[in-house]
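Presented below is the structure to which this report refers.
The values are calculated or read from the model by the stated rules, or taken from the named source; none is laboratory data. Quick caveat, the model's predicted, so the values are computed rather than measured. Here the Cβ positions follow ideal geometry from the backbone for every residue, glycine too, while neighbour counts run over all protein chains shown. Heavy atoms of the whole protein, side chains included, go into the accessibility calculation; ligands, DNA and RNA do not. Shrake-Rupley method; radii C 1.70, N 1.55, O 1.52, S 1.80 Å.
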Amino acid sequence: MANRVFNFSAGPAGLPESVLLQAQAELLSYGDCGASIMEISHRSETFKEILDSARNGIRTLLAVGDDFDVLLIQGGSRLQFSMIPMNLASREQTADYVVSGAWSAKALEEAHRECDVHISWNGTSDGFDRLPVNEDLLRSEKPAFAYYCSNETIHGLQFPEAPDYGSVPLVCDASSDFLSRPVDMQRHGLIYACAQKNVGPAGLTVVVIRRDLLERSSDDLPGYLNFKSHSTANTMYNTPPTFAIYIMDLVCKWIIDECGGLDSLANTNRKKAELLYSAIDRHAGFYSGHAQTASRSNMNVVFKLPSDELTQSFIEQAADHSLTSLAGHRSVGGIRASIYNAMPQAGVESLAGFMDDFANANG
Ligand SMILES: Cc1ncc(COP(=O)(O)O)c(C=O)c1O
């Protein structure tokens with residue numbers, strides 16, 4: 001499509017073009033119902049089919065059975081920073097937190113209000129440039145759960161695999177790498193993600209929770225903030241974000257039918273990221289990657305140029321080549337190229353080529 005750019009936004013981020021085209025084709029009348037999906041009741045059979053299909057899509061992709069529930073709720077990932085400790089721990093219990101970047105640090109801040117917290121590892125003093133290995137983690141005696149963020153969107157760090165907490169329920173903020181690679185759900189008690197990076201529009205949060213953990217939610221919690229309310233109501237405790245769920249359903253189908261599932265997608269994502277990291281390494285005196293090599297993210301590639309002037313000029317010239325939304329997060333600066341599932345290989349190749357040209361012209 002002539003006027004679509006390669007959009008490297010960290011989120012809300014690009015969606016697969018085939019999904020957008022299908023949504024466009026169905027916007028005025030979904031199937032034979034004569035109305036938009038946005039205009040029909042969430043209690044209708046038509047929407048119920050979409051909801052079931054979307055939840056099944058998540059189950060299929062994560063390879064989980066009925067021992068996990070899939071809740072499709074609102075409030076973004078930020079609300080989960082509070083809901084998780086509220087539901088999974090009592091005020092007297094301890095929860096272990098791995099503080100590996102801006103997002104897990106914010107989650108810790110909220111957890112402090114709800115329960116006792118134990119910091120298993122903290123990367124603040126290194127400027128969040130690497131992730132811990134299992135030997136680095138200090139575990140508390142009997143934590144109610146252990147919390148980590150699989151992909152730190154701002155600092156561009158991604159755990160190669162989940163940290164090891166044995167039988168302690170592991171909780172994962174997967175907001176920026178959800179459905180980008182297979183996850184070992186048997187090691188997790190709960191995994192959650194806001195939709196607006198890899199699976200759909202903003203306004204939807206996916207919470208996949210092991211059913212036995214639902215028993216921990218106290219009846220004293222406000223209804224909306226109680227995982228059990230959502231589970232008992234089949235994730236329709238209140239009106240769910242119907243349009244966002246419809247798009248997520250299409251994205252799950254796209255991953256299964258067009259990307260060949262999560263193994264294949266993970267491979268593609270790794271190859272895309274390698275193209276950018278190779279460009280950084282080829283011009284090591286000019287570009288400097290934020291993350292240490294072993295912690296590099298396949299979703300958010302964060303790097304710096306020698307000066308603010310060159311950074312600005314990189315962003316402006318890249319935009320002239322239809323490569324947009326490349327400015328780093330304001331707390332880190334530099335460049336951040338977010339290359340989620342929907343970013344085509346051609347977009348990454350184009351950016352890698354631009355990086356070569358820019359370094360050769362200015363280095
Ligand atoms: C890893 C991570 N966690 C949490 C959030 C917060 O998500 P929301 O804005 O949906 O609350 C973000 C948003 O960028 C994120 O990248």
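Summary of computed values
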| read-out | value |
| --- | --- |
| Accessible area of region 19-257 divided out per residue, in Å², using a probe of 1.4 angstrom | 40 |
| Global geometry of region 216-296, whether rounded, prolate or oblate, following the gyration tensor of its Cα atoms and the 1.5 cut on a/c | prolate |
| Sum of -39500 (n - 2.57) over DSSP H runs of 4+, divided by residues of the chain (222 nm, nearest 500) | -11000 deg cm²/dmol |
| In Hz, Karplus ³J(HN,Hα) per residue of region 250-258 (6.51, -1.76, 1.60; θ = phi - 60°; x = Gly, Pro) | 5, 5, 4, 5, 4, 5, 6, 7, 9 |
| Zone of Ser82's modelled label, taken as backbone nitrogen in region 226-240 under 12 Å from a point 7 Å along Cα→Cβ | 226 |
| Förster radius 45 Å - calculated FRET efficiency between Met236 and Arg282 (Cβ-Cβ, nearest 0.05) | 0.30 |
| Of all DSSP beta bridges in region 19-257, antiparallel share, percent nearest 5 | 45 |
| Relative contact order [Cα under 8 Å, 6+ residues apart], region 284-327, whole percent | 30 |
| Residues of region 92-117 with amide N under 19 Å of the 7 Å Cα→Cβ point at Lys142 | 92-97, 115-117 |
| Normalised contact order of the chain, rounded percent, pairs of Cα under 8 Å and 6 or more residues apart | 22 |
| Whole-number accessible area per residue in Å² for region 261-362, which is evaluated in the context of all protein chains at 1.4 Å | 43 |
| Gain in span if fully extended, Asp320 to Ser125, counting 0.36 nm per residue against the direct Cα distance | 66.4 nm |
| Region 25-140 - percent relative contact order, Cα under 8 Å, separation 6 or more | 17 |
| Sulfur and carbon atoms: percent of accessible area, the chain [1.4 Å] | 48 |
| Other-chain or far-sequence residues with amide H under 5 Å of Val117's (modelled H) | Ala95 |
| Distance between modelled label sites at Arg113 and Lys48, nm, 7 Å Cα→Cβ extension | 3.7 |
| Over region 19-257: Rg over Rh, Cα atoms, Kirkwood Rh | 0.98 |
| Candidates Ala25, Ala54, Ala193, ranked by Gaussian network fluctuation over the chain, Cα under 10 Å, top entry | Ala25 |
| Residue with peak Gaussian network fluctuation, the chain [Cα springs, cutoff 10 Å], from Asn234, Asn122, Asn198 | Asn234 |
| Gaussian network model of the chain, Cα within-10 Å springs - most flexible of Gly353, Gly261, Gly289 | Gly353 |
| Spatial separation of Cα centroids for region 248-317 and region 1-69, in angstrom | 26 |
| Hz values of 3J(HN,Hα) by residue in region 162-175 - Karplus curve (6.51, -1.76, 1.60), Gly and Pro given as x | 5, x, 9, 10, x, 8, 5, x, 8, 10, 10, 8, 9, 3 |
| J(HN,Hα) series, region 28-35, from Karplus relation 6.51 cos²θ - 1.76 cosθ + 1.60, nearest Hz, glycine and proline x | 7, 8, 7, x, 10, 8, x, 8 |
| In the chain, lysine pairs with alpha-carbon atoms under 22 angstrom apart (chain gap of 8 or more, or interchain) | 9 |
